[in-house]
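Undergrad: Here it is: the structure, laid out below.
The values are calculated or read from the model by the stated rules, or taken from the named source; none is laboratory data. Note that the structure is a prediction, hence the values are computed from the model and not measured. For neighbour counting, all protein chains shown are included, and Cβ atoms are generated from backbone atoms with ideal geometry for every residue, glycine included.
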Amino acid sequence: MIKRNFFKIGLVTLLCISSGQAFAADGCTMEITSSDAMQFSKTSMKVPKGCAQVTIKLSHTGSLPRAAMGHNWVLTKADDMAAVAAEGIGAGIDSQYVKPDDARVIAHTKVVGGGESDSVTFETSKLAAGESYMFFCSFPGHSTIMKGTLTLG
Ligand code: ZN
């Protein structure tokens, strides 16, 4: 009986250690926050080398509701940003202010309000070296301030 419990404890410890290592080795998840002050916490993001996929986690640290001060994280080529943002306004909040099936959108999260978060995972094979990419919030009026560059590491 003692041996059996010892084995169980050993197994649980082993599982904890291995999952902890897996988490530590995963630099392919990047976090960014947004606020009631209509700002992102970063103006540039670098996708680490060797990530086949990258996950962007967007949090809203404020308290204003989604309809008043909602934020999303949208990624396009730099040249596509203005048009995608403009057309996203027409798509409305139910479409996360992103035109449905817009091929120019590489990835986007949902629109989140204060205290909420959302994440999106995409293949880095969608990004080309030497191309300029921008992330921005497509909530109406936000993309002039809430934007930044994304580059491959
Ligand atoms: Zn916003």
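Residue-by-condition table, conditions (1) more than 19 Å from the chain's Cα centre (by Cα); (2) modelled with pLDDT of 95 or more:
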| site | (1), (2) |
| --- | --- |
| ASP26 | no, no |
| MET30 | no, yes |
| GLY50 | no, no |
| LEU58 | no, yes |
| SER63 | yes, yes |
| ASN72 | no, yes |
| MET81 | no, yes |
| HIS108 | no, yes |
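Undergrad: Scanning for something within 14 Å of the ligand (Cβ to nearest atom) and either under 17 Å from ILE145 (Cα atoms) or in a helix (DSSP H, G or I) (or both), does segment 50-58 turn up at least one residue?
TA: Step one: list which residues in segment 50-58 are within 14 Å of the ligand (Cβ to nearest atom), which gives 58.
Adding the requirement that they be either under 17 Å from ILE145 (Cα atoms) or in a helix (DSSP H, G or I) (or both) leaves 58.
For segment 50-58, residues within 14 Å of the ligand (Cβ to nearest atom) and either under 17 Å from ILE145 (Cα atoms) or in a helix (DSSP H, G or I) (or both): present.
Undergrad: For residues in segment 87-123 being surrounded by fewer than 18 Cβ atoms within 10 Å (Cβ to Cβ), touching a residue at least 40 places away in the same chain (Cβ under 8 Å) and of a type in the set (Ser, Thr, Tyr), which is nearest to the ligand (Cβ to nearest atom)?
TA: Of everything passing the filter in segment 87-123, SER117 is nearest to the ligand (Cβ to nearest atom).
Undergrad: Check SER125, SER59 and return the single one that is among the hydroxyl-bearing types (Ser, Thr, Tyr), in contact with a strand residue (DSSP E or B) (Cβ under 7 Å, 6 or more places away or on another chain) and under 22 Å from GLY27 (Cα atoms).
TA: Working: SER125 fails: in contact with a strand residue (DSSP E or B) (Cβ under 7 Å, 6 or more places away or on another chain).
When all the criteria are applied, what remains is SER59.
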